[in-house]
1. Taking the Cα-to-Cβ direction at residue 95 and at residue 239 and moving 7 Å from each Cα, how far apart do the two end points lie in nm?
2. Treat each spin label as a single point 7 Å out from the Cα along the C-beta direction, and report the residue 171 to residue 70 distance in nm.
3. Once the piece of chain linking residue 257 and residue 217 is laid out straight, how much longer is it, given 0.36 nm per residue of separation minus the C-alpha distance between them?
4. Using a basic spin-label model with each label point 7 Å from the Cα along Cα→Cβ, how many nm lie between residue 191 and residue 205?
5. Give 276/299; 49/295; 246/284; 40/191; 49/87; 91/189 a once-over and call out the pairs whose C-alpha atoms are over 25 Å from each other.
6. Classify the range 189-237: rounded, prolate or oblate, from the alpha-carbon gyration tensor (a ≥ b ≥ c, eigenvalue square roots; a/c under 1.5 rounded; otherwise prolate if a/b is larger than b/c)?
7. At 4 °C and 1.567 mPa s, grab the translational diffusion coefficient of the range 46-147 from Stokes-Einstein with a Kirkwood Rh over Cα pairs, rounded to a whole number in µm² per second.
8. Determine Rg/Rh for the range 45-92; Rg is computed over alpha-carbon atoms and Rh is the Kirkwood hydrodynamic estimate from the same atoms.
Amino acid sequence: FFLWKMEEGGEPVRDAPGEIPAEKKKMVCIVVIGMAGTGKTTLMGGLHKYLTEQGKVVYTVNLDPAVLADGVTYPVNIDIRDTVKYKEVMKHFQLGPNGAIMTSLNLFATRFDQVLQLLEQRSDSVDYCLIDTPGQIEVFNWSASGALICEALSVSYPTLVTYIVDTPRSARTVTFMSNMMYACSILYKYKLPFIVAFNKIDVLSHEFAVEWMTDYEAFASAARQETTYISTLATSMALAMEEFYKNIRHVGVSAVTGAGFKDFEVKVGEAVEEFKTTYLPYLKEQAAAVLERRKEFEKRRKEELKRSLDAAAKDPDREEYDSLSKLFADMKGVD
């Protein structure tokens, strides 16, 4: 269930074939994170179309192993589904959906050095690398593989995180505060430039959200309309979040109509400058530690696979043993 195949011939296909510019450019990596149903994949498709129309060269990576074949609305250059067979992971390790997604990401992360090699081959000709993550947000955010992937990207390229918010579903103060708390936790976990993108503004304008972020009294007044304990808690939390609001970039977008994409590109430019001036010195200091953590992660994952291999060898079902044996042999070739 683990096949290392990027595209035909092992080489990703260039979306916009043509002459490579003589000057060297530094590719910008945008990691798109959000809860299920917020429109991450649709936004990826809309951004890809918009940026390509602006003359930019865009590279895409899909890290969601469970997305349906017709669920991806953009051309994929590197696809986790070509590497890890999600349903086979569920079968062999007897996992549920979320556990299988996490295990698939862990397996993929052990090969991420090869992804970096493929990106490096095109970093001088690609403007943006868009990275789509699983809808089960906790799987990517709180797993070791999610942090390692972001770290590996950030020590090589300007990298930023975009957190997608479903604007219509955040019209209630409690839901809005839950989203902001989650956004804050992601910011402090990844320690990278951060943009909050309020999606679906074609359905409902995000102006109410901007007002709540800039005017505590407006949020408190709206929260008082809900007479529940959680609304009282949300009002209290709003005071603690004021510093977060002051320093966070936010923009309203529509994945369907393309509204706000120009503003989003401006915010990305600001985030890249912040990355270079504020984050890069710190990341350079941490580069050796990041590499060491990645090697340790790969070692642990291989040890776990070897234990599974030994257990399968004792099972009369030779088909499972052969599958795991091939997996482990392929993994050793990464070193």
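1. So the label points at residue 95 and residue 239 sit 4.3 nm apart.
2. 3.1
3. Numbers: separation 40, 0.36 × 40 = 14.40 nm, distance 3.25 nm.
Working it through step by step, the gained length comes to 11.1 nm.
4. Roughly 4.0 nm, to one decimal.
5. Table pairs above 25 Å Cα-Cα are 276/299; 49/295; 246/284; 49/87; 91/189.
6. Oblate, since a/c reaches 1.5 and b/c is not below a/b.
7. Numbers: Rh = 14.5 Å.
Roughly 89 µm²/s, to the nearest whole number.
8. 1.10
Computed from the coordinates by the stated procedures, all read-outs in this text should not be read as laboratory data. Please read all numbers here as calculations on a predicted model, not as lab measurements. Please note: Cβ atoms are built from the backbone with ideal geometry, for glycine as well, and neighbour counts cover all protein chains shown.
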